[in-house]
Amino acid sequence: MTMDPADLERLIGDALKALPTPAAPPTLFSRVMAAVEARPAAPWYARPWMAWPRIWQAASASVLLVVVVGLARVWSLTEVVRHTLVRQLMPSPPDWMVQAVDAGTAVVEAARIGWRVIAEPMLIPVTVFLCVMTAACVLFAAALNRVALGGASES
Amino acid sequence: MTDADRFEAFVREFQDMVFATAVRLLGNRAEAEDAAQTVFLKAFERFHDIGASPTVPGWLKTVTTNVCLNHLSRYRSRWRLFSEMDRADDKGGDGRTFEAGIAAAGSHASDLEAADEQQRLERALRALPDHQRVPLVLFHFEDRSYQEIADTLGVSLAKVKTDIFRGREALKQVLTDDDGPR
């Protein structure tokens, strides 16, 4: 006899929901613990960035930021050199090339202005703030671990 | 309590849930144990972030599902291909046909009690072919919608509905055999 699909869904759903949860075998726990202990103790820098200690994440992000800013400054310094070389190699460049270079220069200049006006004034204070807060958190955690938890274990 | 103690307590608390999810998706206890170990190793890597989170049961179920689906797609024939072939001798996670699974489960029908009937249903569920069992488990145990299942498995909505319907029909045999006259 064909059952209505909704009734079938309800019948099977109720029967399945009534099933007891299969218990994990006793070997699973010991296998997991053994696998955790057997994991090679990879140094922090060999792990994914998200697994790094917070202070090293902040430091690496700061270094990356400094590198990007430095490259941008180097790029602007070499702009004069690049213009000179282009003129020597191509004394009469086509109009489309001149327009493309002008458009690219305008974009770079707009980004540079935005950086100077908005981001650069905040860079150093924000970086200092982050470093100070990170250091404060690390010191506080170390102190708490030593004073509170260490004291509790001795009582 | 040290981190190691906390993680041990974490494993003890959630091992049944993780294993149950894996064994119902994979239909094989040995593979489910391997999958559960993989899940807990992933949890160990992120234990500082998720250990105390109230959403950790949902995270574990999601990771378990993903690990099991990756296992099914990597180590078995593409279940999409199998579902399209839909042969009469489709085999479940334990390598037996569904009919063989029912026959083995029903060999002691005269001595079954309610708990045994539940065991028959559990064995029948595991004996279903992958392409029926997986969407059925995702629907009834993980409370996913048909569309979510189709998106997760990369198949059409119609295929999901058809496979789930056939899986329910197959399990209905177990229930009606339990209730029917002998």
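The values are calculated or read from the model by the stated rules, or taken from the named source; none is laboratory data. These numbers come from a predicted model, not from an experiment. Don't worry about glycine lacking a Cβ; one is built from the backbone with ideal geometry, like all the others, and counts go over all protein chains shown. What goes into the accessible areas is simple: the full protein's heavy atoms, side chains included, and nothing from ligands, DNA or RNA. Shrake-Rupley method; radii C 1.70, N 1.55, O 1.52, S 1.80 Å.
Remarks
- Scanning segment B:3-36 for residues being surrounded by fewer than 24 Cβ atoms within 10 Å (Cβ to Cβ) and in a helix (DSSP H, G or I) gives a total of 21.
- Segment B:12-25: number of residues that are more than 17 Å from A:Leu19 (Cα to Cα) and under 12 Å from the mean Cα position of the chain (by Cα): 0
- Those helices (runs of 4 or more DSSP H) of segment B:118-182 in which 2 or more residues are in contact with a Gly (Cβ under 9 Å, 6 or more places away or on another chain) and either open to solvent by 70 Å² or more (accessible area, probe 1.4 Å) or of a type outside the set (Phe, Trp, Tyr) (or both) occupy B:130-140, B:157-179.
- B:Thr55, sole failed condition from (1) away from chain A (no Cβ under 14 Å); (2) open to solvent by 70 Å² or more (accessible area, probe 1.4 Å); (3) modelled with pLDDT under 80: (3)
- Of all residues in segment A:19-41 being facing chain B (nearest Cβ under 7 Å) and not in a helix (DSSP H, G or I), the one that is nearest to the chain's Cα centre (by Cα): A:Ala24
- Near pairs, Cβ below 9 angstrom, 6+ apart or cross-chain, from segment B:27-51 (closer than 26 Å to B:Leu136 by Cβ and more than 9 Å from chain A (Cβ to nearest Cβ)) to any residue that is of a type in the set (Lys, Arg) and open to solvent by less than 20 Å² (accessible area, probe 1.4 Å): B:Gly27/B:Arg133
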